[in-house]
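All remarks here apply to the structure that follows.
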Amino acid sequence: MDGKPQHKERHRQAHRTISVFGRELRMPKSRPLRIAIGVLLIVGGVLGFLPILGFWMVPLGLLVLSYEFASVRRVRRRGAVWWGRRRRP
């Protein structure tokens, strides 16, 4: 061991991946780069009417930002709970 607590190391590793539809996507280690990616995805999604860009980018950008900001994380969790209740028979 290098002296770091194991729980912090696991937290760091979990922080660098995003699970989308059961697939794990690796995120950059740099926090500012992750924030920039999330913001760019949202901006690109707002311009979804243009070719190549799409409205699918907005939720993905929010998902990326939810790993960095608690307020976005709360909105994501509320949306997940709402969706789960809606889909329940």
Only one of Leu53, Leu63, Leu41 is of a type in the set (A, V, I, L, M), modelled with pLDDT under 85 and surrounded by 15 or more Cβ atoms within 10 Å (Cβ to Cβ), namely Leu53
Taking first residues from region 45-68 that are part of a loop (DSSP other than H, G, I, E, B) and second residues anywhere that are surrounded by 15 or more Cβ atoms within 10 Å (Cβ to Cβ) and at pLDDT below 85, the pairs with Cβ under 6 Å that are 6 or more apart or on different chains are Leu47/Leu53
- Answer yes or no: is there a residue in region 68-75 that is charged (D, E, K, R), surrounded by fewer than 10 Cβ atoms within 10 Å (Cβ to Cβ) and at pLDDT below 90. no
Scanning region 1-37 for residues that are of a type in the set (S, T, N, Q) and farther than 12 Å from Tyr67 by Cα, the one modelled with the lowest pLDDT turns out to be Gln13
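The values are calculated or read from the model by the stated rules, or taken from the named source; none is laboratory data. All values reported here derive from a predicted model rather than from experimental measurement. Glycine gets a Cβ as well: all are built from the backbone with ideal geometry, and neighbour counts include every protein chain shown.
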